[in-house]
Amino acid sequence: MKAPCSCLLAICIVVFFFGCSHSQPPIPDYPGLALDDIEILGELPEGVLESSGQVEMPYGTLLGHNDSDSGPELFEYSTEGKLIRKIRVLNAKNNDWEDIAISGDSIYIADTGNNAGWRRWLTVYVIPIPSAGSSDIDVVASSIKFKYPGRGVHIPWTRHNYDCEALIVKGERLWIFSKNHANYRTTVYSLPKYEGKYTARKEISINIHGLVTGADTYGDKLVLLGYAKDKSGFDPFICLYENWNTMASGDDGQRLNIPLRLQTEAISFIGNGDIIFTNEEEDGDQGMIMKVGRELTGNLMGRD
């Protein structure tokens, strides 16, 4: 019996994508930080094994989360890693939480991880910023649903550009940064920051030469976190923009390599403009909270 044409086509597509060797594009020789430029503040608190997103709370603590290997909960901790409390998010599911952002009186949680490429609809949960405290609490989330424009048939994970692990909020819109497995670029999309169901709007594509895993803003400043990856491990980096609008107009920013072979996934500015980033516990690496001072990043960007 002959197989229908549609079945033969599907088989050919699968064989083509899985059969072809896949290599990443060459990466330029970017400048880097020195080990002495990075201050280790402490270890991530117990329970935060796969730190995937982090943001500073209005009262100076950090709020972070795991990705898919955890329930729908947030961890509030000090910059030295002391756990303060857990915040359980009701009316939410942690399919693959990847980043977190704050705007006004709301916290936005990006359930947008899509490494395998199967997810068509993604979710950003919205919760109110809780008052400062030390007791575990529950909060109720509302949802923003979105899909990518022009999303076609599923493509195996090593070839697709429909993963997202970085989120910021500017103005009335959410801005998300794709993690492009196929070409090591990041595509920037935007959508309204209010409850509803949307098709994201494609804004710009940036030649980041890596996989973007986190983002944050400080006034008009923007920082992206990510890594390149090969058989020998991770090559992390940060990418800085003096003004985020230059990113929106296509500027590739100032990329600085991080001299640590760590899976860096979460980044945030803190109140004085310093940058805090963390790594996942991977291959025996302890999850750490690390700082790069504002004076250093300012000098590297050519600022006074």
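Can you name the residue in segment 67-78 that is surrounded by 17 or more Cβ atoms within 10 Å (Cβ to Cβ) and either among the aliphatic types (A, V, I, L, M) or at pLDDT 95 or above (or both) and, of all such residues, is farthest from residue 269 (Cα to Cα)? Among those residues, the one meeting the criterion is 72.
In segment 191-216, what residues are surrounded by 19 or more Cβ atoms within 10 Å (Cβ to Cβ) and touching a helix residue (DSSP H, G or I) at 6+ places or on another chain (Cβ under 9 Å)? Outline the logic, then answer.
Step one: list which residues in segment 191-216 are surrounded by 19 or more Cβ atoms within 10 Å (Cβ to Cβ), which gives 191, 193, 200, 206, 208-216.
206, the sole residue that qualifies.
Residue-by-condition table, conditions (1) modelled with pLDDT under 95; (2) closer than 19 Å to residue 210 by Cβ; (3) of a type in the set (A, V, I, L, M):
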| site | (1), (2), (3) |
| --- | --- |
| 231 | yes, yes, no |
| 241 | yes, yes, no |
| 245 | yes, no, no |
| 254 | yes, yes, no |
| 259 | no, yes, no |
| 269 | no, no, no |
| 281 | yes, no, no |
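Does residue 117 satisfy the criteria of being part of a loop (DSSP other than H, G, I, E, B), within 24 Å of residue 199 (Cβ to Cβ), in contact (Cβ under 8 Å) with a residue 24 or more places away in the chain and among the small types (Gly, Ala, Ser)? For residue 117, the condition - part of a loop (DSSP other than H, G, I, E, B), within 24 Å of residue 199 (Cβ to Cβ), in contact (Cβ under 8 Å) with a residue 24 or more places away in the chain and among the small types (Gly, Ala, Ser) - is met. Looking across segment 241-264, the residues that are within 17 Å of residue 294 (Cα to Cα), in contact with a strand residue (DSSP E or B) (Cβ under 6 Å, 6 or more places away or on another chain) and not charged (D, E, K, R) come down to 241, 244, 253, 254, 256, 257, 258.
Taking every residue in segment 26-47 that is in a strand (DSSP E or B) and pairing it with any residue that is surrounded by 15 or more Cβ atoms within 10 Å (Cβ to Cβ) and among the small types (Gly, Ala, Ser), at least 6 positions away or on another chain, the pairs with Cβ-Cβ distances below 6 Å are 42/81; 43/81.
Give 241, 184 a once-over and let me know the one that is free of Cβ contacts under 8 Å to residues at least 24 places away in the same chain, farther than 20 Å from residue 78 by Cα and surrounded by 15 or more Cβ atoms within 10 Å (Cβ to Cβ). Don't jump to the end; show me each part of the working.
On the way: 184 fails: free of Cβ contacts under 8 Å to residues at least 24 places away in the same chain.
Answer to the selection: 241.
Taking segment 86-100 as the range and being in a loop (DSSP other than H, G, I, E, B) and touching a residue at least 60 places away in the same chain (Cβ under 8 Å) as the test, no residue passes. Total residues in segment 167-186 satisfying the condition of being of a type in the set (Phe, Trp, Tyr) and at pLDDT below 95: the figure is 1.
Identify all residues within segment 59-85 that are in a loop (DSSP other than H, G, I, E, B) and of a type in the set (Asp, Glu); write none if there are none. Across segment 59-85, the qualifying residues are 67, 69, 80.
Table: residues versus (1) within 23 Å of residue 51 (Cβ to Cβ); (2) in contact with a His (Cβ under 6 Å, 6 or more places away or on another chain); (3) part of a loop (DSSP other than H, G, I, E, B).
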| position | (1), (2), (3) |
| --- | --- |
| 138 | yes, no, no |
| 165 | yes, no, no |
| 177 | yes, no, no |
| 180 | yes, no, yes |
| 189 | no, no, no |
| 198 | no, no, no |
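Within segment 85-99, can you find the residues that are buried (at least 19 other Cβ atoms within 10 Å of the Cβ) and over 26 Å from residue 116 (Cα atoms)?
So the first thing to find is which residues in segment 85-99 are buried (at least 19 other Cβ atoms within 10 Å of the Cβ), and the list is 87, 89, 92, 94, 96-99.
Within segment 85-99, 87 is the sole residue that qualifies.
Checked against (1) touching a residue at least 40 places away in the same chain (Cβ under 8 Å); (2) crowded, with 16+ Cβ neighbours inside 10 Å; (3) more than 25 Å from residue 204 (Cβ to Cβ); (4) not aromatic (Phe, Trp, Tyr), residue 110 passes all but a single condition, namely (3).
The values are calculated or read from the model by the stated rules, or taken from the named source; none is laboratory data. Small disclaimer: the values here were computed from a predicted structure and weren't measured. Positions of Cβ are backbone-derived with ideal geometry, glycine not excepted, and every protein chain shown enters the neighbour counts.
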